[in-house]
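What follows draws every value from the coordinates through simple rules; no lab data is involved. If you're wondering where the values come from, they're calculated on a predicted model, not measured in any experiment. We place every Cβ from the backbone using ideal geometry, glycine too, and count neighbours over all the protein chains shown.
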Amino acid sequence: MKKIEKGFVLPSSAFTIKKSYIKYYDFSNKTPEVGDLIYGKVERIGEHTTLENSYGRIHKIHNEKHAVFVFGNRYAADYYEGFIPEVMMSEVDLLSRSGLVGIVKTKKDTVKDPTIINVLGYACNSDGTILNTRNFQTLSIKHAEKTHPRSPMILVCGTSMNSGKSMAAVSCCWTLKSTGHNVRASKITGTASLKDILHMNDAGANPYCDFTSLGYPSTYMLSRDDILTIFNKIDLKYGNNPDNYWVVEFADGITQRETEFLLSSESVKSRIHKFIFCATDAFGAIGGLNVLKHKYNLTPDALSGVCSSTPLLVRELSEFTDIPIFNSLASNPNELSEILLNKENINWKEKKKS
């Protein structure tokens, strides 16, 4: 083993591990696994020119910059689809600003080739054990079973990546907090990034977390059981007090693999108090409503996202549905609170009738 010198960046995909635990590195032929930490240096700058550290600070990176990285899979329609390599390699691709690494399989044509990381070895503790984020969790769960009634859950989903989900979730947090309610917030699926949940915290949600608190640097390609376990564990942590509201975001789009796992689960759907659906444009919202109705038997309580900030798109959408539309970039807390605090849950109307 070789000693890791001070000054390396610990990325947000590994924020559950204390920097003091990371002592050494050693190159071996062990098969890479989700959550394994590696120590490496930037070989060639590509798409990603920054790293988000475990506190949320954004570091500018240059060639030869040393850092810890984490093996994981990524699904990002606007960037990369990447996977953990089947064997240990001397070079890997930087899949996200949070320090996730793997091998890019597909990418959006307008996105640059990935930043290349030279792998120096697996990151180890003082006794030579390879560190893995899944062995470190920051979410202590006291309750073994869910009590009832539970915290009302405000679910935010969308048509795709960058459809405006996070901004809508922030608006929900701010509206609930400004009307005197306690708010918790969580992101259940996606790729590690402190930005989204920190914005929810800025809007009044406290405490807050995402899947990384349970040791997962990303959720792409996890099993259905793992995805539902993540949801249920965070629900056990934040959903037991009926006086609190719980704002929850599912990443990517409603037809994406892990989101589909969640929306197909009756136990997850039964937790929905209000459902906010986000879209980039009016036609995407119209198509999404059709998928939600026929595939998942769900009807949103409100529409939002990128399309909600354009009056022409709002006009187009309003011709097809009377579901309320709110602009998360200029949301009116009074208007949104009427949607969120209304005790009627329209998501299950069709199911009750059937």
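Assorted remarks:
- Extension gain, residue 1 back to residue 127 (0.36 nm per residue minus Cα-Cα distance, nm): 44.4 nm
- Shape class of region 1-150 from the alpha-carbon gyration tensor: oblate, with a/c at 1.5 or above and b/c at least as large as a/b.
- Region 153-353: C-alpha gyration tensor shape, a/c 1.5 cut-off, then a/b vs b/c: rounded
- Per-residue ellipticity at 222 nm computed for the chain from its helices equals -7000 deg cm²/dmol, with DSSP H segments shorter than 4 residues left out and the rest contributing -39,500 (n - 2.57).
- In the elastic network of the chain, a GNM with C-alpha springs shorter than 10 Å, the most mobile of 179, 159, 16 is 179.
- Compared with the dominant Cα axis of the chain, that is its longest principal axis, helix 224-238 is turned about 70°.
- Choice from 147, 280, 49 with maximal GNM fluctuation in the chain (Cα, 10 Å cutoff): 147
- Taking the Cα centre of region 200-245 as origin and assigning +1 to Lys and Arg Cβ atoms and -1 to Asp and Glu Cβ atoms, the resulting dipole is close to 100 debye.
- Our note on the geometry: Cα centres of region 239-295 and region 42-56, 31 Å apart.
- Checking the Cα-Cα distances for 112/195; 65/237; 233/274; 107/187; 195/233 against a 31 Å cut-off, the pairs over it are 65/237.
- Cα Rg over Rh - region 103-191, Kirkwood: 1.09
- Length added when fully stretched, residue 178-residue 255, from 0.36 nm per residue minus Cα-Cα: 24.4 nm
- Given charges at Cβ of Lys, Arg, Asp, Glu: the chain dipole, positive-most of 20, 114, 219: 20
- Among 71, 27, 275, the largest mean-square fluctuation in a Gaussian network model of the chain, built with springs joining Cα atoms closer than 10 Å, belongs to 27.
- Extreme residue, positive dipole direction of the chain, given options 190, 337, 178 (C-beta unit charges): 178
- Each other residue within a Cβ distance under 15 Å of residue 86 adds +1 if Lys or Arg and -1 if Asp or Glu, for a net charge of -2.
- Taking 7 Å steps out from each Cα toward its Cβ at residue 244 and residue 316 produces label points 4.1 nm apart.
- Sum of side-chain charges, residue 160 neighbourhood, beta-carbon under 11 Å (Lys, Arg +1; Asp, Glu -1): -2
- In this simple spin-label approximation, residue 105 and residue 142 carry label points 7 Å from Cα along the Cα→Cβ vector, and these lie 4.2 nm apart.
- Per-residue Cβ neighbour rank within 10 angstrom, fewest leading, 75, 21: 21, 75
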